[in-house]
Amino acid sequence: MNTRIMSTLRSNTNGDNIPAVNTLDHIDITIIKELTMKKTGLFIFLMASMILFSMAVSQSAADINMPDVSEIKKWKVPVDDPKPFIKNGFYKHFLTPEQYKKMTYDIASMKQAWAQIVGFKAPDVVGKIAPEIKPGKYTYKDKEKYPGLKELMPPFLYEMFDQGGPPLAGKFPEITIVPTQQYYYAMPVAEATKKYAGQTKLDEAGYIINSSYNAGYPFPRPSGKFKGQQICYNMQKRYLEFESFAALALTCSYNKNLKPDTMDSWAISYGVRASGRVQMEPFGFFDKRAEEQGEDIISVVSFFAPRDLYGNISSLTNFISPHKLDNSLMYFNLLRRVRKMTASDTQDAFGGTDVDSDTGYFAGFQQKMTPNQFPMEYKVIAEREYLVLAMDFDGDTYFDSNTKEMHNVRFERRPLWVVECKELDNNYIYSRRVVYFDRETLLPIGYENHDQRGRLWRSSAPVRIFLPDMGVIITGIGTYWDNLDKHTTIGLSLALPIPEVKRNDVDLGALIRRSRK
Amino acid sequence: MMSNNRILAGTSVMIGMFVLLTCSTATAKYVKLFGKECNVLGYASQKVQYGFHDDFNSYEGFNEALNTLFLEGDIGLTDSLRLYGSGKLTSDLIYQVIQDEDQWTRKQFDQSRDKLNIDDEYWQILNELHATWVVDRLMIRAGKQIVSWGQVLGASALSQFNPFDLRRFQGVDLEVAQIPIWLLRTDYSMPVKPGFLTDLTLQFVFNPNADFIPSQSFATGNDVAGIWALHLPVELFPGMVARTGSAAMNIQEREEWSEGHEFGFRVQGMTEGGDMMTLNAFYGYANDPVTILDGLATMASPPSFVDGKTVIHPVMDGYYPLQRFVGFTYFTEILPLRFSFAGGVAPAVTFELRYDFENTYAFANPADPFGLMYMEDTSDAVSAILNVDYKVKIALLNPKAYFQFVGQLNYDQIMDSFVRSQQLNFRGYPANYTTSLQVMTTYLHGKLMPLFTWQRDLYAQTDMFGGSLDYSPNSRWTYSVALQTFRNMDGPFEYKDYVYFKIKYKWG
């Protein structure tokens, strides 16, 4: 439009070009309208015919079998909804009996296999620090009574163990400490991890040699000079949620006065793990292209609300190679076209939220580990037990919009590694990241990201959900805090395994086909 | 024009839906329609504009009070079939507010009320309405819609199908500046592709000319174009300058359905290295007419009361000429220019090229000493755009968010030297270069967004500066203030400088 304006700006004073005015002025408008209505009607008739035709054949033209959003939301939303959706049978409801059976394994076998892989069971290695803190209910008022709580909890969680009130939302005024449990993965993950144990190699600088990785967790027992990097690589090769999935993501956010500033934001994402697949067919690489391109994870997210985001669709392909930039595309509803995005633009927070691309909604660590751009020094600064958020078996954790507190929150003692990722380039947004990794699940349970002045900036602690009969961990409810701007984002991801996700559903054409307008 | 009753009825329905959507629990949710989920969203905005200049074509003081009510929604009828529709009601209440003011009526701005008070054509109220059918790799979309080509951030030279609404300059929201028209569009992802490509999609677009809707362009004459009437003084004789008033237009249009069909074809691919490219081809018609001066009618009646100058009202004949072009776009990231001290984001470069075959141009016959006899001729033409997006960290000014710089260089060239020489006074400088620069960032957790824009025509040495500040305390409300100034060398937008305030409420 601006180009057109500028071309008009060029018109000069000779007046030999007179731009047009509305041409209908000088034509019999009544006749035009009648003709228009007749022919527009004909066009609408053709459209209607096409609709009827396609409705007739729609059964054979079915897209991904994603349940209606309203149907999913009946089971759980993050705000003011204490329903235990897992306990109520969420997955049994949405999966066919055959699909469900295919996703479940013998629990005892999974426990045994995973304990052999990591070399311990979590309940056996905790209970040594502040042993006076026993399972039971505690309120924030007990912090004085039990000084051991401070010793047991990571600082950012200890701060949030408080009654609700400004400036941050998502505090937990009361918690239930549950006995430490053993977590484990699905049999195929355990088998792949065991099968390829010791095969994944790092180069002399501690960066992964891609060709040496096949499947499973690459470093279930990290050790040696590059132990910190190995722990981070476990996160990057994570088996979180499902290998082919659709997820409904619901978020809202609050300002420092605890007033909501992003209301009822929601999006639907489709994604696949493109390499190292062991649970859902196709196994190994997703397809030939994934193998040739070295694709790792592919996702397409369609935004529906708030209104400014409605119609936008983003696509991200992560590559295995640390030297290959991710591929980011965006369908802009305003422009009505797909644009390639700058893949190196990873440090700004997603619009209005408290999460940046390098950290990710999985609450942890997604920064590309490369010596070429913003390299880091990885160091394990602690290896001990902490009292941290327990995984939710029922799905009843929720955010209370009145008190702005989290409820039905459980804590448990977990064996953790604390990894400090120190940025060696002070032009990066953070000076260091402190990520708390669970030694048994190998996943981060929270993080503290510090700005270049050393101040705690962004932190998070997700309540993950554990599906015991599947051996699957899903994202659950995440709370993301901006400790400088005093801002909070609450998010819930409801993920379903969708075996029929195809390349068509996550490629360039998918952005066009999923466009609403 | 619609009758008052129909306008009233339409307004009532829109207001009713607004109240329903903003006051009910359905806000920010979807509703069930025929047992299917239907997303319903929209916004309402009110803008008040203040002009700085008192001139023949300008009004000093509050001169625009534009409001827009926009509703949209989509529904999935089956797994493979979706419907999308949107409607809007745009009106400028300034015509009600200052209808009897002396300056306003003497300059005949009040007479533009029929054009600009309420957008009441059916195609203005019914914004989009289309059905999308998706099966496997194929998408078919039919209905009133927008098809946008190009890759630059903003208007592309390749976006040809949809006309633009520029009657109020940049007064309307960007998303309603393009006018949806009745189109049939198909997109198909190729299962087989050349080895160097990872994705390959084909697009075919057909315009059956079901209802011809031209661009709503800038115009002359306060009685037609209101405060946006172009400032075009004409030197009739040495020392005697006249004003250009509204033109009587006699524009031929092609018969709907049977004539004026348009076709477009696009191939879009992505390389293994992540670069994106398209090849485009278009056969159709211009959205703006080529016009030829048919005669002059001069008037010294009411407008002359402003400054005593004669006002000429030209009579123009014209038509929408054939337009055929091929195009090419390419996007790449310049990784060597990814400097960590600047934040580590690589600049993204987009290049667009459009080559037109035998475009039609009209101009005053050089053999006519009075410049009243017009002629037309054809020439090939080329347009190119080089666009650079660069996100840069300037920690001193904003330690928490990047600055985004978008620079663009536009180049236009008419290939035929005779046509070019006769077009010197309008579009056909030996080569037209236009540059633009946009700078933006965010503060307060993305709530405050300052934006600065500068456009410059290097040949004509005209500039347009703009600055805006948007404050969005939450996802529902946005408050904006913007300032636009022109350094236009007595050109069409001279004396149009303005500042506006705008409030927008969104739901969905």
### Query
For the protein assembly as shown, what size does the Cα cloud have along each of its three principal axes, sorted from largest down, in whole Å?
100, 58, 56
## Note on the structure
Among B:151, B:83, B:325, the residue whose Cα sits farthest towards the positive end of the charge dipole of the range B:4-507, when +1 is placed on the Cβ of each Lys and Arg and -1 on the Cβ of each Asp and Glu, is B:83
### Efficiency of FRET from Cβ geometry, residue A:452 and residue B:469, R₀ 25 Å, rounded to 0.05
0.40
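With N residues in the range B:4-507, what two-decimal value do you get for its Cα radius of gyration over 2.2 N^0.38 Å? Could you put the intermediate results ahead of the total?
Values: Rg = 24.2 Å, N = 504, 2.2 N^0.38 = 23.4 Å.
Compactness ratio reported: 1.04.
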### Query
Across peptide B:345-352, what mean number of C-beta atoms from other chains lies inside 10 Å of a residue's C-beta?
3
### Query
How large are Rg and Dmax for chain A when only the alpha carbon atoms are used, in Å?
26.0, 92
### Query
Along the range B:383-393, what does the Karplus equation 6.51 cos²θ - 1.76 cosθ + 1.60 (θ = phi - 60°) give for ³J(HN,Hα), rounded to whole Hz, x for Gly and Pro?
10, 9, 10, 10, 10, 10, 9, 9, 9, 10, 8
#### Entry: Selection from A:164, A:218, A:176, by position along the positive dipole direction of the range A:149-246 (Cβ)
A:218
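Give, in nm to one decimal, the length gained when the segment between residue B:34 and residue B:100 is fully stretched (0.36 nm per residue of separation minus the Cα-Cα distance). Don't skip to the end; give the middle numbers.
Numbers: separation 66, 0.36 × 66 = 23.76 nm, distance 4.96 nm.
Separation in residues times 0.36 nm, less the Cα-Cα distance, equals 18.8 nm.
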### Value of relative contact order over the range B:137-240, rounded to a whole percent, pairs C-alpha under 8 Å and six or more apart
27 percent
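Is the C-alpha gyration tensor of the range A:312-397 telling us rounded, prolate or oblate? Criteria: a/c under 1.5 is rounded; beyond that, a/b larger than b/c is prolate, otherwise oblate.
In terms of gyration-tensor shape, oblate.
Divide by every residue of the protein assembly as shown the summed helix terms, -39500 (n - 2.57) for each DSSP H run of at least 4, and state the resulting mean residue ellipticity at 222 nm, rounded to the nearest 500 deg cm²/dmol. Mind dumping the intermediate values first?
Working: 21 runs with 163 residues, N = 1025.
The per-residue figure over the protein assembly as shown is -4000 deg cm²/dmol.
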### Message
Straight-line reach from residue A:83: which aspartates and glutamates fall under 13 Å, measuring Cα to Cα and dropping same-chain residues less than 8 apart?
### Response
A:392, A:394, A:396, A:400
### Task
State the answer as a single residue: which of A:239, A:484, B:118 lies farthest towards the positive end of the charge dipole of the protein assembly as shown, with beta carbon charges of +1 for Lys and Arg and -1 for Asp and Glu, about the Cα centre.
A:239
### Task
For the range B:148-254, give the magnitude of the charge dipole about the Cα centre (Cβ charges: +1 Lys/Arg, -1 Asp/Glu; no others), in debye to the nearest 20.
120 debye
### Query
Separation between the residue A:68 and residue A:484 pseudo-spin-labels, each 7 Å from Cα along Cα→Cβ, expressed in nm?
4.5 nm
### Summary
Note: B:243-256 gets an average of partner chain Cβ contacts (10 Å, Cβ to Cβ) equal to 4
### Task
Using Cα pairs closer than 8 Å and at least 6 residues apart in sequence, work out the relative contact order for chain A, in percent.
18 percent
### Message
Suppose R0 equals 22 Å. What FRET efficiency, 1/(1 + (r/R0)^6) with r the Cβ-Cβ distance, do residue B:443 and residue B:479 give to the nearest 0.05?
### Response
0.95
### Qualifying aspartates and glutamates (Cα of each under 15 Å from Cα of residue B:47; at least 8 residues distant if same chain)
B:64, B:92, B:173, B:470
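Would you mind counting up the charge near residue A:239? Only other residues with Cβ under 11 Å from its Cβ, with Lys and Arg at +1 and Asp and Glu at -1. Don't skip to the answer; put the middle values down first.
On the way: positive: A:237, A:238, A:273, A:277; negative: A:241, A:243.
That sum, taken over residues with Cβ under 11 Å, equals +2.
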### Prolate/oblate/rounded label for the range B:266-376 (Cα gyration tensor, a/c 1.5)
prolate
### Summary
The pairs in A:73/B:32; A:256/A:379; A:256/B:391; A:256/A:404; B:107/B:496 lying past 23 Å Cα-Cα in this model are A:256/A:379; A:256/B:391
### Query
Do the alpha carbons of any pairs in A:76/A:141; A:288/A:324; A:368/A:422 sit beyond 22 Å of each other, and which pairs?
A:76/A:141
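Below 8 Å, C-alpha to C-alpha, sequence gap of six or more: please give me the relative contact order for chain B in percent. Walk me through the intermediate numbers first.
On the way: 1254 pairs, mean separation 59.7, N = 508.
In percent, rounded to a whole number, it is 12.
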### Message
Beyond a 21 Å Cα-Cα separation, which of these cross-linked pairs lie in this structure: B:88/B:506; A:259/B:447; A:87/A:237?
### Response
A:87/A:237
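Residue B:396 to residue B:490: FRET efficiency via 1/(1 + (r/R0)^6), r the Cβ-Cβ distance, R0 60 Å, to the nearest 0.05?
Numbers: r = 40 Å, r/R0 = 0.67.
So the FRET efficiency works out to roughly 0.90.
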### Query
What does the charge dipole of the range B:4-507 about its Cα centre add up to, to the nearest 20 debye, if the Cβ of each Lys and Arg holds +1 and the Cβ of each Asp and Glu holds -1?
1940 debye
### Task
Could you estimate the translational diffusion coefficient of the range B:358-446 from the Stokes-Einstein equation, with Rh from the Kirkwood formula over C-alpha pairs, at 10 °C and 1.306 mPa s, in whole µm²/s?
98 µm²/s
## Note on the structure
Charge tally for neighbours of residue B:147 with beta carbon under 12 Å away, counting Lys, Arg as +1 and Asp, Glu as -1, is +4
### Query
Around residue A:365, with a cut-off of 9 angstrom between Cβ atoms, what is the net charge of the other residues, counting Lys and Arg +1 and Asp and Glu -1?
0
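If the only charges are +1 at each Lys and Arg Cβ and -1 at each Asp and Glu Cβ, what is the size of the charge dipole of the protein assembly as shown around the Cα centre, to the nearest 20 debye?
Details: 103 positive and 116 negative charges, 801 e Å.
That gives a dipole near 3840 debye.
The numbers here are math on the coordinates, done by the rules we state, and not lab data. Keep in mind the model is a prediction, meaning the values are calculated, not measured. Note that we place each Cβ from the backbone using ideal geometry, even for glycine, and neighbour counts take in every protein chain shown.
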